[in-house]
Each structure stands twice: as C-alpha cells, then as structure tokens.
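To start, the structure itself, in structure tokens.
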Amino acid sequence: MSFGGSLRHAVEFSGTGLHSGESVRVRIVPNGGKGLRIGSGGRFFPLEQGIPSGDGRGSRVVFPGEPPFQVCTVEHLFAAVAGLGIGDIDMDVDGGEIPVLDGSALPFAEMLYEAREMSPAGFGSSERACLRLFAPIVVTESKGDRLIAASPAATARITYVLDYAHPLVGTSTFSFTLGDAESFLAEVAGARTFALLSEVEGLRSRGLAKGGSLENAVVVGDEGLLNPEGLRFPDEYVRHKVVDLLGDLLLLGMPLHAHVVALRAGHALHLEFVRRLRRLAATAHVGG
Ligand SMILES: [Zn+2]
C-alpha cells in the first residue's frame, strides 16, 4: 500500500447520505504534497489526527476544533483511496456524510482511477513514510472471539474471515494483496454493503439508515436475497469486509506494511486496531 500518487484534476461525488437520507457531496482535489486531508469550508485536517469511532452502521471521524468537524460513513471512499494508493488530496465534504452511492467502493474508485496521476517512474513510486511491524500485534474484543492480528510483511496484505450465523452468509475467507490498482478495481472495490433483513428493520424502527435501499445494499432475508440482481461475487460479503477494513486503515494516515488477518471483526475493532497502530507509529518503526 503506497500513498505516493495524487490526482490530475478534481473529482466530485454527490448522492444520498445513508444515515440522513439527504443529498450530500464530496469534492476531491490534489493538494500539492500536503498528505491525506478531509474537511469542509476551506478547513482541512490530516486523517491521522481524526478521532475515529465505528459500529455496525459505519465509521465516523471527528476533528476537534472550533467548531469541531465530523464526517460519517467514510469507509468506502477511504477504501477507494487506499486501494488505488492515492495520497496528497483534500476531501471537501458538504453535508457531514459521504454519499453511499451503490454501497461499494467502485463508483469512487472508477472516478479516482481515471483522474489519478502517474509519476514518471510509475504510480506510487514517491512513497511516503510507512509503518513496518517488527513483531506481531493482536487486538481483540472483550470476549476474545473477534480479533485482528498483524504480522510483519514486506507488503500490505489483508485476509478476512467472515463467520456469520445466518446460513446464507456463513463462513468464508478472502485474501487480498495491495499494490495493483486493477486488481483492486476488479476483485474488491465492487463488493457492496450487506445487511440482514432483521437488522434493517431494527435500524428503520429507530429512524436510522434513512438513505438505505436495495440500490445501495445487499439485504439478506430468511429465504434469500431481496435484491433481484443477486450477488456480484459468490463471496461478496467477505470481500466487502475487506473494503471496510481497508477504508478504516486509511485513518492511520500512512501505509502499513503487514499481513493483517481479521476474524469476525467490524468497524469498532478495525478502529481499535488503528488506534493501536497510531500509538506504535508515534513511538518507532516508521520507515521510508
Ligand atoms: Zn461497508
């Protein structure tokens, strides 16, 4: 994973916010070497300074200040940025939330891929500092049945194990090595958010996920999918978990050279892992 490239021109996305159901917009512009930043109204903050929080509905990041800046549902846009190795951009968010689009990273990734800048020596060659591990690390949730482990590796690789009680989702594993934009586009970016019908009904009854629909999520009922088009990949669910983890890892603010293995994790644990990596980056192990 390298954040060495940037964009040749601005790109803009607009659509419905998953939570608010309202129209939201994000405009991404190259910033001439200032790293990965997000903000609004001319104020931009480095991603690594954001305070992340996440749950089953997505990841949110808050930047303290007067007034504080908060943005929700960042993970799919961030996954596209990470998967393509794009750095040095300002993400200008209007509406406090990233548009959900089709529930995957693909619409973001396709436009960013078209606009990305190739350096003369090849994409991503001007690599910034990255975090290298010299020993394995593990984060777990309190009961210990969900965990993320990372071991030292020369490149960035993610292996995800999805283990869901629902018979139509079940147990599956997907592994992806970062570094090739075309592989990211073909194998990972298009995997959509999924939810069980029972979860959707619960969210709706609490006034959440107002912008959610079969246009931006795979909904799994007791008897089968509610989406008439079916799945994009036979193992689309676990591939989407890779999208989510990749996006959440962008909040580290630098590439991670490690093999990351996630078992039954979710946004809350992904972000606990990011906090652990940030503490590690603050003390040592940051190389070129
Ligand atoms: Zn997601």
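The values are calculated or read from the model by the stated rules, or taken from the named source; none is laboratory data. These numbers come from a predicted model, not from an experiment. We place every Cβ from the backbone using ideal geometry, glycine too, and count neighbours over all the protein chains shown. Calculation scope for accessible area: heavy atoms of the full protein, side chains included, ligands and nucleic acids excluded. Shrake-Rupley method; radii C 1.70, N 1.55, O 1.52, S 1.80 Å.
Overview of values
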quantity	calculated
Accessible area per residue in Å² at 1.4 Å probe, computed on the chain	42 Å²
Under the Karplus curve 6.51 cos²θ - 1.76 cosθ + 1.60, θ = phi - 60°, whole-Hz ³J(HN,Hα) for the range 182-197, x wherever Gly or Pro sits	5, 5, 4, 4, 7, 10, 10, 4, x, 6, 8, 3, 10, 8, 7, 4
Beta bridges by DSSP in the chain, antiparallel share as percent, to the nearest 5	75 percent
Length released on extending from Asp180 to Ser53, taking residue separation times 0.36 nm less the Cα-Cα span	42.8 nm
Under 5 Å, built H, 5+ apart or other chain: amide partners of Phe44	none
Rh by Kirkwood over Cα pairs, then Stokes-Einstein D for the chain at 0.692 mPa s and 37 °C, µm²/s	173 µm²/s
Dipole magnitude of the range 48-200 about its Cα centre (Cβ charges: Lys, Arg +1; Asp, Glu -1), debye to nearest 20	580 debye
Exposed GluC sites (Glu not before Pro) absent - longest run of the chain, DSSP non-H/G/I/E/B, at most 15 other C-beta within 10 Å	23-116
Cut-off under 5 Å, modelled amide H: who pairs with Asp235 long-range	none
Proximal lysines relative to Lys210, as straight alpha-carbon distance under 17 Å, when same-chain residues fewer than 8 apart are discounted	none
Convex hull (Cα only) mean projected area of the range 1-54, reported in nm² to one decimal	5.3 nm²
Integer Hz, Karplus 6.51/-1.76/1.60 couplings in order for the range 258-267, x for Gly and Pro	6, 9, 9, 10, 10, 10, 6, 8, x, 4
Chain lengthening between Glu187 and Thr171 when straightened (0.36 nm per residue, less Cα-Cα)	3.9 nm
Exposed-site-free run, longest, the chain (rule: trypsin sites (Lys or Arg not before Pro); DSSP loop; at most 10 other C-beta within 10 Å)	1-142
Highest-fluctuation residue, Pro30, Pro64, Pro228 considered, GNM on the chain with Cα pairs under 10 Å	Pro228
Percent accessible area from carbon and sulfur atoms, the chain, protein chains only, probe 1.4 Å	53 percent
Candidate lysines for bridging to Lys143, where Cα separation is under 26 Å - those fewer than 8 sequence places away on the same chain excluded	Lys241
Nearest-20 debye value, the chain charge dipole, Cβ charges on Lys, Arg, Asp, Glu	900 debye
Per-residue ³J(HN,Hα) for the range 162-168, Karplus 6.51 cos²θ - 1.76 cosθ + 1.60, θ = phi - 60°, Hz, x for Gly and Pro	9, 9, 10, 5, 6, x, 7
